[in-house]
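J.: Structure incoming, see below.
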Amino acid sequence: MNNTPKSRIHILDRHTANQIAAGEVVERPFCVIKELVENSIDAGATAIMVKIFDSSLEKMQVTDNGCGMTAEELRLSLLRHATSKINKVTDLDRLSTLGFRGEALPSIASVSQMTITSKPQDALNGYSITIKDGKSTIPTETAAKTGTTVLVDRLFYNAPARKKFLKSPRTEMGLISDLIAKYIVAYPHISFRLDNGTHTLFNSSGKGNQLNALFEAYGKSIAEQMISFELGFVSPPSLNRNNRSQYHFFINGRPVHSRELSLTVDEAYFSFMPAHRYPIVFLFLALPPESVDVNVHPGKLEVKFRNFAPLKEKMLILMQQALGRSNSLAPEIIDKEASAEVLPQQSILPDDEQEPVFIASESSTISSNNDFYQILYGSAKDNQPSSVSVHKQSSIEEAASAPSAPPKVIQDNIFAAQDHNMGFTESKLIYSSLTPLGQFAGTFIICSGGDYLYIIDQHAVAERIMYEKIAAQAENAPDACNQLAVPIAVELSHRDALALTDAILELRDYGFIVESFGDNSFVIRGVPLWYTGDDPEQLLRLFLDEINDNSLNVVRIRKEELFMAACKQAIKANRYLSPSDISVLFEQLDACKNSSTCPHGRPLAIRISRAEIYKRFLRGSI
């Protein structure tokens, strides 16, 4: 008699295993479109058409004019881990394609009924293959155009549990349209079309001009305000959103999510934008393939950087230069109803985000852009940086028709030699040239200048002036220490004590003098000279919190502390100023590096045009 217990471990059948594996790649309809479109891009297509047949998003089709597949390649394409992108594991360090695992087609096929029709360019006929319930037909000859068409039907018909957890069709369609919009900007040389039933959402020209592509994907209202620079496009502080959903990052053409890149954008806009408001950015980074790992997420949406520090430094410099040379005139108050423009049909931004209360002034600058901008860590190639500027007064269509500039190459030493104002027209509000008319509520200074009426926040102005004075002093001695007359004893948690013990020398470089007093006790004998607060223990704990989270940013902490110091010393509201006080205030503001926003990112001034005032009073002419 066999008393051996039955094994509780068994091998799953192939169909179940494939469905589980598909769940990592094909979570929703959006994932299907993403994988198929990326296959089309890898196939060298110059025209890609995406069609959604029904409102439930169970039937969809992607057609391209790429290189196509032979009958044998069609058969192999449905096998898991069959790919033309890599041959061995070391090829992952030299990836130049969006796909590489060979999982997309078999994963989609395992949760749908799929038909693929394809024809190579030099073939007389194409071939078609169908897969249903995990079984594929033999490729059959058929008439077809050069390229590949993938028809996905009855998506998730055999995975009803998956369908229950899908978002609404409207949400899924929004994700798909947002994806295509990103690809239109990232690949301006490819014509993209997205049809939702009988309605065409996008139909880009594929002419190769990135500014034109931005206009086609996001509309004139967004495109004409964006600031072009070496890494892509960033919005002026006046054009912002209430979340980071409009952070678009591409690394070597691959759309990615990256906490490091998001935090770098936040830091670049620090003090340019109010808290909890976020810009619109399109960053196209061309990095050495071996410097980034794209094989860390099933959907290839996340990446890891081998050494992020030099990239972050260059991003911050270039983005802040772009923001610094952007229009610094006061944002203008407009009548939203009277001034709203009808956006192109393909715009996908929510209705409540299409008309900003503040708009950039007439002198905003738009520069033509290339497909991608390269950040190289070695010697530069033959291409040299160039820029073409187009003023906002020119129509966006004329700007878009200009030929793209040659690829830009960012060398390690470019920052020392670069003319930061090259190709840009500086438009700065000179406050001392305004004519003060009086004050309102002891808080706002009312001025006139040219055809505009200006309302200026006196506390925000004083904050900006005080901040730049204090920041200049702190910058001259960032590691200087202010010894405390009475040392402060602190008791830390075991975790914080370990972190402080490891970082005690690093903190000394930032101006802290901290000594261990046994166990988890420490004594603070000195704080950074730039610290003007009255709670050194709180500052130390702030440093330790960020050290524990691996997010220590001393520059940001210092700025925040200086903001608070400037706020305390600035002119408060409900204080009436003499004409000479206002004159001195404006002269000091004109000398500031940033005369557009207070340290917290709020605008220093807003303006109302004479035309707007006449319109509000129902006067027919100026």
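J.: Looking at Ala123, Ala159, Ala143, Ala109, which is the one that is closer than 17 Å to Glu27 by Cβ, surrounded by fewer than 22 Cβ atoms within 10 Å (Cβ to Cβ), among the aliphatic types (A, V, I, L, M) and out of contact with any Lys or Arg (no Cβ under 7 Å at 6 or more places or on another chain)? If you could, list the steps in order and put the result at the bottom.
T.: On the way: Ala123 fails: closer than 17 Å to Glu27 by Cβ; Ala143 fails: closer than 17 Å to Glu27 by Cβ; Ala109 fails: surrounded by fewer than 22 Cβ atoms within 10 Å (Cβ to Cβ).
Result: Ala159 is the single residue among Ala123, Ala159, Ala143, Ala109 that is closer than 17 Å to Glu27 by Cβ, surrounded by fewer than 22 Cβ atoms within 10 Å (Cβ to Cβ), among the aliphatic types (A, V, I, L, M) and out of contact with any Lys or Arg (no Cβ under 7 Å at 6 or more places or on another chain).
J.: For the structure I just gave you, tell me whether Phe233 is buried (at least 22 other Cβ atoms within 10 Å of the Cβ), of a type in the set (Phe, Trp, Tyr) and assigned by TED's automatic domain parsing to the domain that holds Tyr218.
T.: yes
J.: If you don't mind, there's one more thing I want to ask. Please verify whether the range 523-539 includes one or more residues that are modelled with pLDDT of 70 or more, part of a strand (DSSP E or B) and surrounded by fewer than 17 Cβ atoms within 10 Å (Cβ to Cβ).
T.: The answer is yes; a qualifying residue exists.
J.: Looking at the range 482-499, which of its residues are hydrophobic (A, V, I, L, M, F, W, C) and either at pLDDT below 80 or under 34 Å from the mean Cα position of the chain (by Cα) (or both)?
T.: Across the range 482-499, the qualifying residue is only Ala499.
J.: Scan the range 456-469 and give yes if some residue there is in a strand (DSSP E or B) and modelled with pLDDT of 80 or more, otherwise no.
T.: Yes, the range 456-469 has at least one match.
For (1) in a helix (DSSP H, G or I); (2) surrounded by 24 or more Cβ atoms within 10 Å (Cβ to Cβ); (3) among the hydrophobic types (A, V, I, L, M, F, W, C), each residue gets a yes or a no:
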| residue | (1), (2), (3) |
| --- | --- |
| Val185 | yes, yes, yes |
| Asp195 | no, no, no |
| Leu201 | no, no, yes |
| Lys207 | no, no, no |
| Ala217 | yes, yes, yes |
| Ser221 | yes, no, no |
| Phe250 | no, no, yes |
| Asp266 | yes, no, no |
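J.: I would also like to ask the following. State which residue pairs qualify: first residue free of Cβ contacts under 8 Å to residues at least 40 places away in the same chain and inside the range 242-255, second residue hydroxyl-bearing (Ser, Thr, Tyr) in any location, beta carbons under 6 Å apart, and separation of 6 or more residues or different chains.
T.: As it stands, the answer is Arg244/Ser262; Arg244/Tyr278; Tyr247/Ser262; Phe249/Ser258, since those pairs meet every condition given.
J.: Which of the residues belonging to the range 431-446 are over 10 Å from Ala605 (Cα atoms) and free of Cβ contacts under 8 Å to residues at least 40 places away in the same chain?
T.: If the condition is that a residue be over 10 Å from Ala605 (Cα atoms) and free of Cβ contacts under 8 Å to residues at least 40 places away in the same chain, then Ser433, Thr435, Leu437, Gly438, Phe440 are the ones that fit.
J.: Next question, about the same structure. If only one of Ala338, Ala309 is modelled with pLDDT under 80, hydrophobic (A, V, I, L, M, F, W, C), over 17 Å from the mean Cα position of the chain (by Cα) and not in a loop (DSSP other than H, G, I, E, B), which one is it?
T.: Ala338
J.: So for the range 567-574 (the condition being more than 35 Å from the chain's Cα centre (by Cα) and modelled with pLDDT of 80 or more), does at least one residue qualify?
T.: No, that holds for no residue.
The values are calculated or read from the model by the stated rules, or taken from the named source; none is laboratory data. Predicted, not measured: the structure shown is a model, and the values here were computed from it. Every residue, glycine among them, receives a Cβ derived from its backbone with ideal geometry; neighbour counts consider all protein chains shown.
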